[in-house]
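First up is the structure itself, then whatever we jot down about it.
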Amino acid sequence: MDMVANAIIGKDTVILQVFLAILARGHILLEDIPGVGKTTLASSLARSLDCSFKRIQFTPDITPSDVTGFSIVNFKTGELEYRVGQVMSQIVLADEINRTSPKTQSSLLEVMEEGQVTVDGVTYLMPKPFIVLATQNPVDFVGTYPLPEAQLDRFFMCVSIGYPSAEEETDILGRYTTGARPMDELRPVCGAADILSLQERLGEVYASKEVRAYVSLIARESRKHPSLQLGVSTRGAIFLLRAAQATAMLAGRDYVIPEDIQLMANPVLKHRVLLSAEARMRGMTAERALKSLIGSVQVPVKVP
């Protein structure tokens with residue numbers, strides 16, 4: 001995390017959330033306005049991990065076969081040969097994913113969920129670890145297409161970077177106006193084997209029955225919350241518990257506590273819920289609705 005922080009100044013919490021998602025085998029959606037460092041964060045992460053990396057610049061004319069690959073006839077043998085798509089890499093930066101059509105966006109559904117692509121009936125496994133870091137601009141920007149709910153639900157976490165503080169922005173200007181290139185100074189600090197080992201250890205973090213019931217209650221209460229038209233899916237509940245396990249592991253604990261759940265609820269759940277029309281008219285946000293929801297759910301006493 002310290003290596004990435006050399007290029008992304010003052011965003012330690014965001015960097016931590018991204019690393020937690022990686023520990024939990026999750027894909028990350030970086031959502032914010034242009035120019036605050038979404039692509040820089042994704043590229044910095046790739047440089048810090050000794051894994052293969054590809055960047056897909058999503059544009060309106062990119063097709064699903066550009067992403068997943070395609071089959072072509074070898075005229076010498078008369079057989080079909082698979083041409084690897086841009087997604088075939090350990091770390092994939094899906095840059096400005098909501099600038100392409102919904103059809104192309106959907107080409108990532110199978111690969112994100114199953115870790116494989118299927119082309120002309122043949123399945124090709126992705127290398128491990130496999131991580132998609134997608135960036136998107138706000139949906140009210142010109143030239144954007146909203147991501148379908150089914151695809152949003154496949155992202156483990158949604159992170160917003162936000163503007164830097166005055167002091168941080170002054171520091172950024174100092175670094176980038178002297179000819180220095182902080183990205184060039186980044187070096188790998190761990191490799192694929194290290195990541196896979198940490199991911200395997202995540203299952204050893206204990207989540208008691210009371211903690212699991214707490215997560216389930218949060219999900220069930222979200223489905224009848226007055227401000228929410230669409231509540232948390234079962235996949236969302238699973239992801240929340242895995243995020244809490246990653247938080248506990250990074251804190252040096254081998255068990256989950258309710259505070260881990262509360263800490264990760266917003267980044268893991270905010271993109272999975274849909275506000276009701278009335279709530280939107282009142283100026284409600286997903287973050288505020290989730291805060292109200294978490295505050296209304298009884299916290300288990302017996303932990304772990």
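Pairs under 9 Å by beta carbon, first residue over 30 Å from residue 127 (Cα atoms) in the range 191-215, partner part of a helix (DSSP H, G or I) and acidic (Asp, Glu), six or more apart or different chains?
Hits for this filter: 211/260.
Inspect the range 31-38 for any residue being of a type in the set (A, V, I, L, M), under 30 Å from residue 189 (Cβ atoms) and buried (at least 20 other Cβ atoms within 10 Å of the Cβ) and give the result as yes or no.
Checking the range 31-38: not a single residue is of a type in the set (A, V, I, L, M), under 30 Å from residue 189 (Cβ atoms) and buried (at least 20 other Cβ atoms within 10 Å of the Cβ).
Is it true that some residue in the range 111-130 is of a type in the set (Asp, Glu), touching a residue at least 12 places away in the same chain (Cβ under 8 Å) and surrounded by 13 or more Cβ atoms within 10 Å (Cβ to Cβ)?
For the range 111-130, residues of a type in the set (Asp, Glu), touching a residue at least 12 places away in the same chain (Cβ under 8 Å) and surrounded by 13 or more Cβ atoms within 10 Å (Cβ to Cβ): present.
Is it fair to say residue 71 is farther than 27 Å from residue 50 by Cα, of a type in the set (Gly, Ala, Ser) and in contact with a strand residue (DSSP E or B) (Cβ under 6 Å, 6 or more places away or on another chain)?
Against the criterion (farther than 27 Å from residue 50 by Cα, of a type in the set (Gly, Ala, Ser) and in contact with a strand residue (DSSP E or B) (Cβ under 6 Å, 6 or more places away or on another chain)), residue 71 qualifies.
How many of the residues making up the range 188-240 are surrounded by 18 or more Cβ atoms within 10 Å (Cβ to Cβ) and of a type in the set (Gly, Ala, Ser)?
8
Filter the range 247-285 down to residues that are farther than 20 Å from residue 21 by Cβ and of a type in the set (Val, Ile, Thr), then give me how many there are.
1
Do you know which of the residues in the range 47-62 that are free of Cβ contacts under 8 Å to residues at least 60 places away in the same chain and in contact with a strand residue (DSSP E or B) (Cβ under 9 Å, 6 or more places away or on another chain) is surrounded by the fewest Cβ atoms within 10 Å (Cβ to Cβ)?
Among residues in the range 47-62 that are free of Cβ contacts under 8 Å to residues at least 60 places away in the same chain and in contact with a strand residue (DSSP E or B) (Cβ under 9 Å, 6 or more places away or on another chain), the one surrounded by the fewest Cβ atoms within 10 Å (Cβ to Cβ) is 57.
With respect to residue 285, determine if the residue is outside the structural domain of residue 25 (by TED's automatic domain parsing), under 23 Å from residue 154 (Cβ atoms) and either at pLDDT below 95 or touching a Pro at 6+ places or on another chain (Cβ under 9 Å) (or both).
Yes; evaluated as a whole, the condition is true for this residue.
Please enumerate the residues belonging to the range 128-144 that are over 18 Å from the mean Cα position of the chain (by Cα) and at negative phi.
Within the range 128-144, 140, 141, 142, 144 qualify.
The values are calculated or read from the model by the stated rules, or taken from the named source; none is laboratory data. Everything numeric in this text was worked out from a predicted model, so none of it was measured. Note that we place each Cβ from the backbone using ideal geometry, even for glycine, and neighbour counts take in every protein chain shown.
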